[in-house]
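These notes are about the structure you will find just below.
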């Protein structure tokens with residue numbers, strides 16, 4: 001046996017085990033991502049996508065990301081969006097301003113809003129619930145709002161449990177919860193990046209939502225100084241939470257969305273000035289699809305990697321191409337300036353050999 005064969009044989013065996021739907025250990029997953037050929041990862045992830053979604057459909061959503069406020073008492077050093085309370089550039093949108101944005105979104109065929117903001121220390125709870133109830137009453141749209149980090153912020157500000165916060169939001173019209181603030185769910189890196197909400201607090205907020213019957217999405221931001229091991233730890237925590245949710249008959253995570261760190265205008269941009277190469281992102285997209293085999297959908301982040309890599313991602317395990325992003329103010333401020341119309345996303349899906357289907361934020365199909 002040649003030296004090359006000695007090195008590659010164990011990885012080939014690990015890939016065979018993945019193909020047979022066997023679970024690997026942490027160190028084995030590390031060997032796979034570090035040593036496997038990109039084409040082998042792509043093929044295995046594409047096979048699992050096809051198994052989970054044999055109808056050859058790739059979904060997308062037309063919605064609007066309304067960032068209702070940039071005022072935030074957290075000082076995450078990877079964020080270019082937030083402004084500290086009292087900062088002259090801080091803002092809070094009025095209800096009427098948000099209603100106008102929703103009406104513009106509906107006019108072009110949108111089905112709902114993704115609404116997120118900073119951790120505002122002064123907005124009362126009835127500001128949030130009043131906004132949700134008015135949006136639901138006026139427009140009847142899907143409300144995909146308030147990340148676990150925001151749920152944490154409301155809990156801290158109002159002295160309420162996660163369950164109490166989410167129940168009030170649900171009663172006011174909340175339909176599903178986005179996975180913002182996940183970054184990497186390992187406290188060692190979260191402390192370095194001054195993330196306000198720790199990994200268990202993020203997971204606990206998600207678990208509370210699942211227990212109340214609310215669908216959520218899961219995320220991972222990669223390329224901001226974390227290790228390979230920490231990325232895999234993140235995936236494992238998501239998988240275990242999903243396992244608990246499904247075993248209890250709860251909706252759990254409906255999708256996983258990995259995206260890449262955008263360094264522009266951030267405090268750590270001088271330390272980590274370069275964006276993750278598209279090839280590395282695609283390898284992690286494929287690995288995530290294989291690792292999170294109990295989460296039904298995987299979305300490729302064309303917003304951060306561009307449509308060229310985004311379309312390739314549809315062959316690396318992703319069965320969803322995400323949103324047209326009519327408006328986006330958080331990642332774009334850090335340098336993600338890719339744009340797409342609904343027709344552009346539809347064309348990409350068709351050109352890559354799939355059938356496009358529009359959906360809501362909770363992955364309910366609309367056609």
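The values are calculated or read from the model by the stated rules, or taken from the named source; none is laboratory data. Just so it is clear, the structure is predicted and the values come from calculations on it, not from any experiment. Don't worry about glycine lacking a Cβ; one is built from the backbone with ideal geometry, like all the others, and counts go over all protein chains shown.
Conditions tested, residue by residue: (1) at pLDDT 95 or above; (2) assigned to a loop (DSSP other than H, G, I, E, B).
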position	(1), (2)
207	yes, no
230	yes, no
239	yes, no
243	yes, no
251	yes, yes
280	no, no
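Do you know which residues across the range 12-23 are without any contact (Cβ under 8 Å) to a residue 24 or more places away in the chain and surrounded by fewer than 17 Cβ atoms within 10 Å (Cβ to Cβ)? Matches in the range 12-23: 12, 13, 16, 17, 20, 22, 23. Every condition in (1) surrounded by 17 or more Cβ atoms within 10 Å (Cβ to Cβ); (2) in a loop (DSSP other than H, G, I, E, B) holds for residue 225 except the one numbered (1).
Within the range 169-205, the residues that satisfy the criterion of being assigned to a helix (DSSP H, G or I), touching a residue at least 24 places away in the same chain (Cβ under 8 Å) and under 20 Å from residue 245 (Cα atoms) are 170, 199, 201, 202, 203, 204, 205. Inside the range 342-364, residues that are surrounded by 16 or more Cβ atoms within 10 Å (Cβ to Cβ) and at positive phi make up a count of 1. On the given criteria, is residue 22 at pLDDT 95 or above, part of a helix (DSSP H, G or I), under 23 Å from residue 284 (Cβ atoms) and out of contact with any helix residue (DSSP H, G or I) (no Cβ under 6 Å at 6 or more places or on another chain)? No. On the given criteria, is residue 317 modelled with pLDDT of 95 or more, more than 27 Å from residue 175 (Cα to Cα) and in a loop (DSSP other than H, G, I, E, B)? No; evaluated as a whole, the condition is false for this residue.
To keep it simple, each residue is scored yes or no on (1) in the same structural domain as residue 216 (by TED's automatic domain parsing); (2) at pLDDT 95 or above; (3) in a helix (DSSP H, G or I).
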residue: 99; (1), (2), (3): yes, yes, yes
residue: 105; (1), (2), (3): yes, no, yes
residue: 115; (1), (2), (3): yes, no, no
residue: 138; (1), (2), (3): yes, yes, yes
residue: 150; (1), (2), (3): yes, no, yes
residue: 153; (1), (2), (3): yes, no, yes
residue: 165; (1), (2), (3): yes, yes, yes
